[in-house]
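> Sharing a structure here in structure tokens format.
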Amino acid sequence: MQGEGGNRIGTAVRALARTLRADLWTATPDPLPRGWRDWQPASAVLLVFLAVPAGVVNINQLVWQYGLGQWAGVLFGGIQAAAIVAAMFRPVQAWWVVTVAMVVIALMANPHAPQMYPWTVTGIALHAASVFLVALRARPRVTVEVLAISLLTGLLLHVTFFSPMRRFDLDSAGVMLTIAAVVGASLRGRRQARRELVVQSELTAEERARRTLLEERTRIARELHDVVAHHMSVISIQAQVAPHLVDNPSDALKENLIGIRANAVDALAELRRVLGVLRSEDELSEAVRHAPQPTLDRLDELVDNVRGAGVEVDTRITGERRALPPGVELSAFRIVQEALSNVLRHAPGAVIRVELGYQATGLAIRIANTAAEAADAPTRPGGGHGVLGMRERVAMLGGDFADGPIPGGGYEVVARLPLGDDS
């Protein structure tokens, strides 16, 4: 039994030694945030200005109060001060230097000199600074280990070398070292929390954008399904009616028309099977579901509705106005509709200008608005997916899209929709 107990103790000691070695010797500190890295050289210079006078005072105490002699006092006092500057880059290693120097100073001190022991007053401050920098860059477990070793080392020196002429200073050192560790660990925890919050916010924004994109693609697919289904139905009906419009149609014509109708019916059935599921989550009423998809013929109606809300809208159409492919008509109408809605939500009171340019190879769209009437004008929350949806529609048609602020505080949306080879 005693052998088993000894084995367990030995195993625990070896595990503790491995943990301390990993934490206090081979572990690397947390990387400084990008903003801190920019200030690291300036912080090192500031530490130099603070460490130089602290080192001078410490050297004076070591020479005159601890009796180390001039050369030893300058050496160990300078080492402790320089270690604080090095702690900006290697905090754990710098803490080891300060701690070992403290032990050596305590062992070399004049046993009959009235002094604080085992730290000088400045030595406590320098040791606390090293613990603070460790806590700022290392895990909480490392900070606890550093604090515990510092206090245990001071206690061991006191118990081993205590004499009536030496005043025990572990209480004061314990308070200062603990405060330094707690403050450093708190700042590190706050930095970690802010970093995690930023990461989580980025993930949330990416997920929201991805979900919005999927919803918008679903809406676009549903609308295009309606357009394609309508035309496939027309093809099927025309193929069925065509033989009755011709006197004595040939068998070949009848056979071709039957084939056209059969292919149209099969394509329509397949289209409904693949895309009809998009209806399952649609909460619109039956009347709205089966209403025809809007085209640019309803542009005047759309603009009049916006004007009815008290907004000044100016429209300008250039080129020969003509019917466009259904997908282009639908996308153009939705882009104008969404742009107008965005102005109503984000720039109340602004003047809007809608421009459509019918070109030989495409349709140019520009919706621009002036700045809101008041800088602090309240905005209206609204649905829709704004610029993301417009960009997705344009990309689907292989067009070009741009948006951004314009001089004077306004905003514009510009799109060009190609008509395709069948226009």
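> Spot the failing condition for TYR411; the list is (1) out of contact with any His (no Cβ under 9 Å at 6 or more places or on another chain); (2) at pLDDT 80 or above, and only one is missed.
Evaluating TYR411 over (1) out of contact with any His (no Cβ under 9 Å at 6 or more places or on another chain); (2) at pLDDT 80 or above leaves (1) as the failure.
> Could you give every pair whose Cβ atoms fall below 9 Å, whose first residue belongs to the range 310-323 and is in a loop (DSSP other than H, G, I, E, B), and whose second residue is exposed (fewer than 12 other Cβ atoms within 10 Å of the Cβ), counting only separations of at least 6 or pairs across chains?
Pairs found: GLY319/ALA360; ALA323/ASP297.
> While we're on this one: From the list VAL274, VAL265, VAL303, VAL288, pick out the single residue that is touching a Ser or Thr at 6+ places or on another chain (Cβ under 7 Å) and modelled with pLDDT under 80. Working first, answer last.
On the way: VAL274 fails: touching a Ser or Thr at 6+ places or on another chain (Cβ under 7 Å); VAL303 fails: modelled with pLDDT under 80; VAL288 fails: touching a Ser or Thr at 6+ places or on another chain (Cβ under 7 Å).
From the options VAL274, VAL265, VAL303, VAL288, the qualifying one is VAL265.
> Which ones in the range 306-322 are modelled with pLDDT of 85 or more and open to solvent by 20 Å² or more (accessible area, probe 1.4 Å)?
Restricting attention to the range 306-322, the residues satisfying the condition of being modelled with pLDDT of 85 or more are 312-322.
Within the range 306-322, GLU312, ASP314, THR315, ARG316, ILE317, THR318, GLY319, GLU320, ARG321, ARG322 qualify.
> Sticking with this structure for a sec: Could you grab me the full set of residues in the range 337-352 that are touching a residue at least 40 places away in the same chain (Cβ under 8 Å) and open to solvent by less than 30 Å² (accessible area, probe 1.4 Å)?
Of everything in the range 337-352, those that are touching a residue at least 40 places away in the same chain (Cβ under 8 Å) and open to solvent by less than 30 Å² (accessible area, probe 1.4 Å) turn out to be GLU338, ALA339, ASN342, VAL343, ALA347, ALA350, ILE352.
> Go through (1) farther than 30 Å from ASN110 by Cβ; (2) open to solvent by 100 Å² or more (accessible area, probe 1.4 Å); (3) modelled with pLDDT under 80 one by one and return the number of the condition ASP171 breaks.
Tallying (1) farther than 30 Å from ASN110 by Cβ; (2) open to solvent by 100 Å² or more (accessible area, probe 1.4 Å); (3) modelled with pLDDT under 80, ASP171 fails exactly one: (1).
> Here's something else I'd like to know. Out of the residues in the range 372-391 meeting the condition of being closer than 17 Å to VAL328 by Cα and modelled with pLDDT of 80 or more, tell me which one is least open to solvent (accessible area, probe 1.4 Å).
MET390
> Filter the range 392-403 down to the residues that are surrounded by fewer than 18 Cβ atoms within 10 Å (Cβ to Cβ) and at pLDDT 90 or above and list them by number.
Let us first name the residues in the range 392-403 that are surrounded by fewer than 18 Cβ atoms within 10 Å (Cβ to Cβ), namely 395-396, 398, 400, 402-403.
Answer for the range 392-403, where residues must be surrounded by fewer than 18 Cβ atoms within 10 Å (Cβ to Cβ) and at pLDDT 90 or above: ASP400, ALA402, ASP403.
> Would you call GLN200 open to solvent by 70 Å² or more (accessible area, probe 1.4 Å), in contact with a helix residue (DSSP H, G or I) (Cβ under 6 Å, 6 or more places away or on another chain) and either at pLDDT 70 or above or not aliphatic (A, V, I, L, M) (or both)?
Values: open to solvent by 70 Å² or more (accessible area, probe 1.4 Å): yes; in contact with a helix residue (DSSP H, G or I) (Cβ under 6 Å, 6 or more places away or on another chain): no; either at pLDDT 70 or above or not aliphatic (A, V, I, L, M) (or both): yes.
Here the answer is no, as GLN200 does not meet what is asked.
> Does GLY362 satisfy the criteria of being of a type in the set (Gly, Ala, Ser), more than 30 Å from ALA205 (Cα to Cα) and modelled with pLDDT under 85?
Details: of a type in the set (Gly, Ala, Ser): yes; more than 30 Å from ALA205 (Cα to Cα): yes; modelled with pLDDT under 85: no.
When the stated conditions are applied, GLY362 does not pass them.
The values are calculated or read from the model by the stated rules, or taken from the named source; none is laboratory data. Given the structure is predicted, the values throughout are model-derived calculations rather than measurements. Note that each Cβ is placed from the backbone with ideal geometry, even for glycine, and that neighbours are counted across all protein chains shown. These area figures cover heavy atoms from the full protein model, side chains too; ligands, DNA and RNA do not enter into them. Shrake-Rupley method; radii C 1.70, N 1.55, O 1.52, S 1.80 Å.
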